[in-house]
Amino acid sequence: MARLRRSAALFALSVPMLVTGVALVVLRTRSFERHVGSCALGADQPLCTGSAIRDHARVAAAGAGLVGAGLGLVAAGVTAAVPVRRRAWIAEAVVGGTTLALGVAWLAAESVAYRPGTAREDLARLGPWFDRRAVAASLLGAGLGLALGAGVGLLPPSRQARRSVVAPTLLPPGLAVVGRF
């Protein structure tokens, strides 16, 4: 029963991350493309500002990171649903930590590598930079989600987790419902 609760908790945590991440990626990618398209018309266009374009890339990368984290939590939730040995959780934590470190290093390298230049140079470099940044952020998120899920899986079940109790309790400011899971 504790295994199913852990799995349900990991799945429940992954859903809002996936929804929010997909929304950010879709909306900000469209805005990014609109801004870059206006720069193709001319550098004097009102949407053609480097800071706005970089902001869209950063927010889209954050959305890609949320999608990656959601997928990492889904993978951990699947692992939690089936009976596995402790070695599987340790392997999942190692893979998650390695993926997290790779994502952090790649994202830092992409942030340092991009230097704004002339408008023509930027147009040629912006698309690939945007894509690489999104992939690096999704790796970072997937590693974080997988490592977090594996950490939850490595926690020993507590005695209180074996039985759930929900009881009304009278507290000084008023009435409350206290639950132990």
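The values are calculated or read from the model by the stated rules, or taken from the named source; none is laboratory data. Worth saying up front: this structure is predicted, and the values here are computed from it rather than measured. As a convention, Cβ positions derive from the backbone with ideal geometry for all residues, glycine included, and neighbour counts pool all protein chains shown. Please note that ligands, DNA and RNA were not included when accessible areas were found on the heavy atoms of the full protein model with its side chains. Shrake-Rupley method; radii C 1.70, N 1.55, O 1.52, S 1.80 Å.
Per residue, the range 50-96 exposes an accessible area of 45 Å² to a 1.4 Å probe, with every protein chain left in place.
What is the calculated FRET efficiency for A113 to L41, with r their C-beta to C-beta distance and R₀ = 22 Å, to the nearest 0.05? The partial results should precede the final answer.
Numbers: r = 27 Å, r/R0 = 1.22.
According to the calculation, E is roughly 0.25.
Pair-distance distribution of the range 48-103: all C-alpha pairs, bin width 10 Å, starting at 0; shares per bin in whole percent are 20, 38, 22, 13, 6, 1.
Evaluated at 20 °C with a viscosity of 1.002 mPa s, what Stokes-Einstein diffusion coefficient in µm²/s does the range 30-143 have when Rh comes from the Kirkwood expression over alpha-carbon pairs?
Working: Rh = 15.6 Å.
Reported coefficient: 137 µm²/s.
Taking all Cα pairs closer than 8 Å and separated by 6 or more residues, the relative contact order of the range 15-62 comes to 47 percent. R0 = 41 Å: FRET efficiency of A81 with V104, Cβ-based, nearest 0.05? My answer for the efficiency is 0.90.
Can you tell me the FRET efficiency between L154 and A52 if r is taken as the Cβ-Cβ distance and R0 is 35 Å, rounded to the nearest 0.05? It would help to have the intermediate numbers written out before the result.
Values: r = 43 Å, r/R0 = 1.24.
In this case the efficiency is close to 0.20.
Taking a spot 7 Å from the Cα of A88 along the direction of its beta carbon, which residues of the range 4-45 have an amide N less than 20 Å from it? Counting backbone N atoms under 20 Å from the label point, the list is 4-14.
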